[in-house]
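A short worksheet on the structure shown next.
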Amino acid sequence: MNRRILLLAAFGLVAALVAFWSPPASGIPVFARKYGYNCTMCHSAFPRLNDFGARYRMNGYRLPGEEQKERTVLESPPPFAARVHAGFDYVNSERDPQGQDVTRFAVTGFDLLSAGLLGQHIGYLVVYPPSLPEARGIAGQQGSLEMANVVFSSLGTRWLNVRAGRFEPAYAVFSDKRRLTFTPYLPYEASFPGGPPLSETQEGIEITGYQFSGFSYAAGWINGSSTNRLSDFPEDLYARVAYVFGRGEGQTSGQRLGLTGIFGRARPQAGAADRQRHLRLGADASLNYRQLNLELQYFLSRDQGPLWGEGSEVTTSSGSAQLNYFPMTSLAAFARFGLLLTPEEIDSDAWQAVGGARYYFVDNLALHGEYAYRSQQLQGQELRAFEHFATLRLDWAF
Amino acid sequence: MKWVAVVLVSLGGLIHAQFGFDGPLPPVPIPADNPQTDEKVRLGKQLYFDPRLSADNTISCATCHDPKTGWANHGKVDTGIGGRTGTRNSGTVLDSAYMEFQFWDGRAASLEEQALGPIHNPVEMGETLENVVAKLNGIPGYVEQFQCVFGTAVTADGIAKAIAAFERTIVTGPSPFDRYLAGEKDAISPAARSGADLFNGKAHCTSCHSGPLFSDQSFHNVGIGMDRPKPDLGREDATKNPADRGKFKTPGLRNVALTFPYLHDGSERTLRDVIELYDRGGIPNPNLDPLMVPLQLTASEKEDLVAFLESLTGVLPEVELPELPGGAQPVAGPKSPEGGER
C-alpha cells in the first residue's frame, strides 16, 4: 500500500512538473476555436458548462442574440476536436466478482469530436471514441458512435427545437458526458437487469423549448430499453420540465428546479413475447450561491416484476447530492454522495462517496484527482462488496 | 505563464492577422468626399475648441470631449449652455474615427454627421446651424481658411467636414497590452495578464468587446436605466424598431480607464463598478441581451479585469490649444461651478 501511495505521489509530482513546463496545448476545442474564445467562456470548469454555455447549447450551437452573424462549418476553422485523459488509476474491489484490482498508468479515454452549424438553424454534434485495443498502458475502449445528432433550432420559435440521431437525452439532468467526476452518477447506473442506464446515449428524437432564465421543456422518443434495436419498435418516452428562478440557467447562477418522467416498455429477455412496463419519476435541483453549486437529484422507479425476475412490481429509489466549488477559474472541487435503495427481494442497496478536485493549467488542460468509495449489497450474500477508486489524470481537449 | 501568453496572442490575433503590428490600429478610414489635408485639420481643430459654435459662446466641442479627460468628460452626463444637462454621458473622441456608428444610439453614420448634432442640440450648444454659419462668416480668419480649404464661404457642411477631419487625427498609439502582444513580456502585470484571460473567457467580455477597438460595433441591451419609469430607449429612437429598445452602442475599450464615468448614462463611476454590474448579469428587462448572464467572478478576478482594462491605455495624441481667429479664447473642459475658470 505504501508503495502505491508513493507511486501516486510521484506521478502527481511528475504530472504537475511536466504540465507546468511543457508548451501549452496547441489549440482549443471546436467551438472555442470558431469564435476565438477561451474555454471558460462556456465552461465553468471544462467539461462542465456554465450558464453561457448552457444557453449556447440550448440555442443549437449559436450565440444567443447573435444568430445572424453565425458561420457554418464551411466558413469556420475545421470543426474537429479531441479529448484525452490519461493517468494513474488505482482500483481495489473486495468481494465483488465483477470487480477488478488495478494499479496502473493508462490512457482511459479518447474521444474525437466534430460539431458546428450546417445552416443557420441546423447544428450537429458527433462524438466518436475510436476503438483502442487493450495494450500496455492503454486501458482499451470499444469504438462506437457515442453521439451523432442534428439539431434543428428555433423552428419559428424558441419553443420548438428538434434533435435527432444519437444523443444524450434530457433526462440525464446533470449531463453524464460533461460531469466533473470520472466516477458516474450512481442514480444513472441503476436499472433493471439488462435495462439501459440513464448515462447511456440513445437513438431517437427529442423536442425542446425554452425561455432563457425561465421555463424549459423537453420530450423524447428513443430506442431506450429495446432489447433488439434493429427490430424492436421503440416504446420508451420521456418528458422533462424545468424552471430557473433568478438570473442564469442554474449551472453557475440561478436556481433550477426540474421534474422528469420516463416511461417505457421492455422485454425481460431478448425474444420474450410480452413487454413489461417500467416507469421512473425524478426531481432535481441545481442551486447556486456565489462560487458554490449544489446538484440534487432523486429518482423513484416502479418496474413490473418480470423485468427484475420477480413476480410483483419492484420499486427502487436513488439519488445523489453533489457540491461543486469554483474558487477560481483554475480550480474546481467536488464532493458527492449517492444512494440506491432496493426492496428486500432485490437486496442490492448501494451507496457511493466521491471527492476530488481539478486544477487547470490552462483552460483545456486539467490535472484531475479523485477518490471514490462504493459499497454495495450483493444479492443473496451476507457481506457487502466495496470498491476504492482513486485516480490522478491529465485531462485535455484540443 | 506561457499559456497565458498564447491566450492573449489569440485575443490579439485579429489585430495581427489584419494589420500586422506597426501599431495597434489600422490606418484611419478616410471618406472619399472628405480627404485629409493639413489645412483642413488645422481648421477643424480651431472649430473643435471654439465656443462660438454655441448659442451663448461658452461651450465648445472640447467642453464635453476634453483632451485632459480622455477626450471625454468626467461629468455623469453632458452639461451644455446655461447649465442644461442632457441624459447621456459624453463618449470619447479617441479612436472614434474607427467607429461605424456615432452617438450612443448610433444615429450618426459618420463623424461628419455627428459633428453638427451637438451644435443644434438645445441642451448642448443650443445654437442653430444658420446662426453658427452666419457668426463664422463674420470672422475673417475663418472665411479665409474656408476659402482655402473648401473654396467656399463658411458652410455647415464645411464645419462638419473640418471637425471630422480633426477628429480623425485623434488616434491613440500602442497601449501596454499592445506592447505585450508584440512580445514585450513585462509590459503588463501578471494581474493584467490574468484579466485578459478572463476578458476572453469567464467574464464573457469579448462576446461584445471584440476586435482591435474592443467593440463589435453593434448594439446591446444590458439593462442600464431600464428599471426607471421612463427609460432611455437608445437604439430604438434611431431605428423605431421595438426590438432595439434599450440597446446602446458597444463602446471601444481602448483608454477606458481615462473616460469615467461609464455607460451611456454615466451611472457607474469606476471600472470596478461596471464589472460588478456585469457580474450581476446586467439589469433585468424584457429586452435584455441573451448574452448577459451572471458571471460569478471572485473579488480577485474583478481586480484582474480592472488591471487588464487599465493596460489598454495607449499613447495619447498631444494637442495644444489652438489660436482662434477673431481673438476668442479656446475652451476645453467643463465650466467650474462658479462659471468662471475652465
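Some notes on this structure:
- Number of partner chain Cβ atoms within 10 Å, mean per residue of B:194-204: 5
- Dipole magnitude of the protein assembly as shown about its Cα centre (Cβ charges: Lys, Arg +1; Asp, Glu -1), debye to nearest 20: 700
- Simple Cβ-charge dipole of region A:2-397, Lys/Arg +1 and Asp/Glu -1, about Cα centre, in debye nearest 20: 1220
- For a label point 7 Å along the Cα-to-beta-carbon line of A:Tyr289, residues of region A:306-331 with backbone N under 16 Å: A:322-327
- Modelled this way, with points 7 Å down the Cα-to-C-beta line, the labels at A:Ser76 and A:Leu132 are 2.6 nm from one another.
- Taking chain B and dividing mean pair separation by its residue count, relative contact order in percent (alpha carbons under 8 Å, at least six apart): 24
- Paramagnetic label zone (point 7 Å from Cα along Cα-to-C-beta, B:Glu100; backbone N under 20 Å) in region B:203-231: B:205-222
- Burial order of peptide ranges B:58-68, B:296-306, A:118-128, B:226-236 (average beta-carbon count within 10 Å, highest first): B:58-68, B:296-306, A:118-128, B:226-236
- Subtracting the Cα-Cα distance of B:Glu276 and B:Arg84 from 0.36 nm times their residue separation leaves 66.1 nm of extension gain.
- Converting phi to 3J(HN,Hα) with the Karplus coefficients 6.51, -1.76 and 1.60 and the offset θ = phi - 60°, region B:62-76 yields 6, 4, 9, 10, 8, x, 6, 10, x, 6, 9, 8, 7, x, 4 Hz in sequence order, with x at every glycine or proline.
- Based on Cα contacts under 8 Å between residues 6+ apart, chain A shows a relative contact order of 14 percent.
- Cα-based shape type of region A:96-167, given that a ≥ b ≥ c are square roots of the gyration tensor eigenvalues and the cut on a/c is 1.5: prolate
- By the beta-carbon count within 10 Å of each Cβ, the least crowded to most crowded order of A:Arg178, A:Arg265, A:Arg55, fewest first, is A:Arg178, A:Arg265, A:Arg55.
- Distance from the alpha carbon centroid of region B:137-216 to that of region A:139-174 works out to 46 angstrom.
- Peptide A:62-71 has a mean of 3 when you count, residue by residue, the C-beta atoms of other protein chains within 10 Å of its C-beta.
- Among the listed pairs B:Lys68/B:Lys335; A:Lys69/A:Lys177; B:Lys45/B:Lys335, a Cα-Cα separation exceeding 18 Å is found for A:Lys69/A:Lys177; B:Lys45/B:Lys335.
- 15 Å reach of a label modelled at A:Asp96, 7 Å along Cα-to-Cβ, counting backbone N of region A:189-218: A:189-191
- Applying both filters, DSSP loop and at most 14 other Cβ atoms within 10 Å, to the GluC sites (Glu not before Pro) of region A:309-398 gives A:Glu344, A:Glu345, A:Glu382.
- Among B:Lys202, B:Lys240, sorting on how many other beta-carbon atoms sit within 10 Å of each Cβ, with the fewest leading, yields B:Lys240, B:Lys202.
- Using the rule -39500 (n - 2.57) for each DSSP H run of four or more residues, divided by the residues of chain B, the 222 nm mean residue ellipticity is -9000 deg cm²/dmol.
- Over chain A, equivalent-ellipsoid semi-axes from the Cα gyration tensor in Å: 31, 29, 20
- Cα-projected label distance for B:Ala182 with A:Arg302, points at 7 Å along beta-carbon direction, nm: 7.3
- The ranking of B:Cys148, B:Cys205 from fewest to most other beta carbons within 10 Å of each one's beta carbon is B:Cys148, B:Cys205.
- Per residue of peptide B:296-305, the mean number of Cβ atoms on other chains within 10 Å of the residue Cβ is 3.
Quick note: the coordinates plus some simple rules give every number you see, no bench work behind them. Note that the structure is a prediction, hence the values are computed from the model and not measured. Note that each Cβ is placed from the backbone with ideal geometry, even for glycine, and that neighbours are counted across all protein chains shown.
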